[in-house]
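Below is one structure, written out as structure tokens, with a few remarks after it.
A short reminder: the numbers here are calculations on the coordinates, not readings from a lab. All values derive from a computational prediction rather than experimental measurement. For neighbour counting, all protein chains shown are included, and Cβ atoms are generated from backbone atoms with ideal geometry for every residue, glycine included.
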Amino acid sequence: MIHFKSAQEVEVIKESAVILGKAHAEVAKAIKPGVKTKDLDKIADEYIHDHGGTPSFKNYHGFPSALCISVNDVVVHGFPSGYELRESDIISVDCGVKYKGFHSDSAYTYPLEGADEEVLKLLERTYESLFLGIAQAKVGNRIGDVSFAVQSHVEQFGYGVVRELVGHGVGKDLHEDPEVPNYGKRGKGPKIMPGMVFAIEPMINMGTKNVVQEKDGWTIRTKDRKPSAHFEHMVAVFEDRTEIVTTHEYIEESYKFKWRSKRA
Ligand code: MG
Ligand code: MG
């Protein structure tokens with residue numbers, strides 16, 4: 001069942017998303033070779049608590065941390081750990097905040113300096129696919145239009161679109177209906193209607209679309225161990241427009257390695 005949000009509820013979600021965007025930025029400032037991923041988790045956890053929120057992921061079905069940190073061939077749901085970041089790694093940071101009863105959820109994949117040019121292209125094209133998806137998230141379209149836009153963009157480069165994990169409605173629950181797959185057909189799926197708030201989150205692999213789950217029950221890795229990229233925004237749909245309610249703006253101000261270019 002889709003829970004439609006009032007304009008006032010969307011405003012609360014945006015407040016939640018500002019805390020989220022700034023928590024991401026604090027993490028972004030700390031990303032460099034030698035940093036342990038569990039230290040990044042601590043930064044986000046403290047920032048969120050200090051600003052009146054709670055981390056949405058912590059204790060969600062037993063997930064242990066505020067962040068999902070997924071390095072290189074980990075697609076999503078990696079645990080923060082004692083792993084120390086290395087030059088040329090890519091690291092996906094996914095975070096959620098609950099504030100005044102509403103969740104926000106967004107993700108960003110950072111390349112460390114020295115990342116391979118082909119990997120940077122994967123990131124840029126995945127980022128582009130997110131915005132192509134967002135452009136389809138409007139009244140009159142269906143979820144399949146969003147899915148198709150993401151899939152058709154990245155598949156032209158031979159990338160694999162992960163099937164097992166999808167975007168989702170967000171509100172009082174972290175994961176609500178509808179599901180928002182990153183693959184699909186134009187004109188199919190639920191109608192996009194005013195009051196819908198959902199996350200679009202392409203998870204795109206350099207190689208095969210196939211993934212495996214580790215024995216920890218969470219970590220999702222590419223089957224061929226090639227890198228994977230993940231970016232996520234939430235949108236709120238209104239009759240006359242769609243707003244991106246999460247922000248990567250603070251991240252992009254804070255992260256020192258200005259990697260996005262006209263490369264793609
Ligand atoms: Mg999500
Ligand atoms: Mg997320």
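Observations, loosely collected:
- Taking the Cα centre of segment 45-187 as reference, the dipole from Cβ charges on Lys and Arg (+1) and Asp and Glu (-1) amounts to some 760 debye.
- Placing +1 on the Cβ of every Lys and Arg and -1 on the Cβ of every Asp and Glu, with nothing else charged, gives segment 7-263 a dipole about its Cα centre of roughly 540 debye.
- Taking the number of Cβ atoms within 10 Å of each Cβ as an exposure proxy, the fewest-first ranking of Leu174, Leu20 is Leu174, Leu20.
- Inter-label distance, nm, simple model (7 Å from Cα along the C-beta direction), Lys172/Gln8: 1.4
- Amide H contacts of Asn141: Ile192, each under 5 Å away and 5 or more positions distant or on a separate chain (H built 1.01 Å from N in the peptide plane; Pro and chain starts excluded).
- Annotation: segment 145-189 has a Kirkwood hydrodynamic radius of 11.2 angstrom, from the mean reciprocal C-alpha pair distance.
- Annotation: average projected area of segment 155-228 is 6.1 square nanometres, based on the convex hull of Cα atoms across all directions.
- Gyration tensor over the Cα atoms of segment 30-127: the corresponding equivalent ellipsoid has semi-axes (square roots of 5 times the eigenvalues, largest first) of 25, 15, 11 Å.
- Model label zone, Glu155; criterion: amide N under 18 Å from point 7 Å along Cα-to-beta-carbon; scope segment 128-148: 128-134, 136, 142-148
- Evaluated over the chain, the Cα radius of gyration and Dmax, each in Å: 17.0, 48
- Cross-linked pairs Lys29/Lys209; Lys36/Lys256; Lys14/Lys36; Lys14/Lys100: Cα-Cα separations exceed 21 Å for Lys29/Lys209; Lys14/Lys36.
- Computed from phi, the 3J(HN,Hα) profile of segment 94-100 under the Karplus parametrisation 6.51, -1.76, 1.60 (θ = phi - 60°) reads 10, 9, x, 10, 10, 9, 6 Hz, with x in place of Gly and Pro.
- Put in order of Cβ neighbour count within 10 Å, fewest first, the listed residues Thr126, Thr37, Thr219 become Thr219, Thr37, Thr126.
- Positive-end ranking of Gly207, Tyr255, Thr219 along the dipole of the chain, with charges on Cβ about the Cα centre, is headed by Gly207.
- In segment 1-82, taking the dipole from charged Cβ atoms about the Cα centre, the farthest positive-side position among Val76, Ile48, Ser16 is held by Val76.
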